[in-house]
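Here is the structure we will look at.
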Amino acid sequence: MTFRPDQPYNDLPDLPPTVDIETKTVLKACTKTRVALAALRQGTALIPNPAVLINSIPVLEAQASSQIEDIVTTTDALFRHAQLKSQPADPATKEALRYRTALKAGFDSLSKRPMTTRTAEEVCTIIKDVRTGVRKGPGTKRANELTGEIAYTPPEGESRLREKLANWERFVHDDKDIDPVVRMAVSHYQLEAIHPFTDGTGRTGRILNLLMLVEHDVLDLPVLHLSRYIIRNKAAYYDALLGVSTRDAWQDWILYMLHATEDTARWTLAKIEAVRALIAHTAEFARRTAPKQYSRELIELIFVQPYCRIENVVEAGIAKRQTASTYLHKLKDVGILEQTQVGLNKLFFNARFLKLLTQDSNLYKAFAPK
């Protein structure tokens, strides 16, 4: 069957592709990508408390991945409402926060079983906050943003979709002679093309990209902020996806994903190194200006929870409530933390850390000598 954008792509070919997907050009790009990922993996291992990364980089990814789907919120709102679950948040913030929850749930599931269609269903269920399975009806058609013309129509029929997902699973796990980063790129196209869910497939697929890299021992933690690159190159992302469907342009698509992964790995590593430096700078300043309150655990906590409450200090076992209040107020007094009121809740926030996370620059304002 010839591909027709306005008709369900029921003849979507199985994986692996029949064309060579590891050309010399691809392998050359793949080598550079693997070097960048290896450096990122090493960099994450140098953070004393990995929760600093698990609680921060996925928030950036949640905000950006949601923005790709025109669900717009801010990282500041996400950090704030992650701390205040009982406080009302706008729908976009709630949905983006569920992305972070879904990523963590998917990551935790890898210790129990490999990534499967079930993983995808569970991830999408958390993102959408409603039980989600493989769709039984027609999929969402993709249209050209400028002309409105239909560009792609996914396959139809639950049994057909499940067959294609079974093939997708086998490719993810069995084709071990193909580099896992190339496999990640190919499997991401295929999941997008199958489009198994009525809504949430794109975000689910971007989570599965990270889970694949962890499962295949390329990364230890799902901290690759890949959606940042996609947002900045969104038109090229969709053009490359469509290129595979319309003209079997696998090399162009794989190169896009390899370049995206390499660029993101280098960006993420630089950000992590800046975070390490800021933690060390903050700890040294706290030792000098608040020696009675200083502890390594307290400094780590205000990076794990950049919006921090007295209860967080208590729950971490650092101090009892009255002493915990004194600790946070002292850190505010010396300029390490700032304070805000949200409803009845008093929050202390790590403004330098939040700014470092959300800006492109890796510079931060040093603490003034005391």
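Miscellaneous remarks
- Residue in the stretch 74-96 that is touching an Asp or Glu at 6+ places or on another chain (Cβ under 7 Å), among the β-branched types (Val, Ile, Thr) and in a loop (DSSP other than H, G, I, E, B) present: no
- Annotation: of all residues in the stretch 269-295 being of a type in the set (Ser, Thr, Tyr) and in a helix (DSSP H, G or I), the one that is farthest from Leu219 (Cα to Cα) is Thr289.
- Unmet criterion (only one of (1) in a helix (DSSP H, G or I); (2) buried (at least 21 other Cβ atoms within 10 Å of the Cβ)) for Ile231: (2)
- Scan of the stretch 135-164 for residues that are among the hydrophobic types (A, V, I, L, M, F, W, C), surrounded by fewer than 18 Cβ atoms within 10 Å (Cβ to Cβ) and touching a residue at least 60 places away in the same chain (Cβ under 8 Å), ordered by number: Ile150
- Residue check: Asp217 meets all listed conditions (1) in contact (Cβ under 8 Å) with a residue 40 or more places away in the chain; (2) surrounded by fewer than 21 Cβ atoms within 10 Å (Cβ to Cβ) but one, namely (1).
- Reported count of residues in the stretch 296-342, each being in a strand (DSSP E or B) and without any contact (Cβ under 8 Å) to a residue 40 or more places away in the chain, is 4.
- Only one of the numbered conditions (1) more than 30 Å from Ala62 (Cα to Cα); (2) surrounded by fewer than 17 Cβ atoms within 10 Å (Cβ to Cβ); (3) touching a Phe, Trp or Tyr at 6+ places or on another chain (Cβ under 9 Å) is violated by Thr340, and that is (1).
- Among the residues of the stretch 1-38, those that are charged (D, E, K, R), under 13 Å from Val182 (Cα atoms) and in a loop (DSSP other than H, G, I, E, B) comprise Asp20, Glu22.
- Subset of the stretch 97-134 [under 20 Å from Ile194 (Cα atoms), small (Gly, Ala, Ser) and surrounded by fewer than 18 Cβ atoms within 10 Å (Cβ to Cβ)]: Gly133
Read-outs: derived from the displayed coordinates by stated rules, not from any lab. All values reported here derive from a predicted model rather than from experimental measurement. For neighbour counting, all protein chains shown are included, and Cβ atoms are generated from backbone atoms with ideal geometry for every residue, glycine included.
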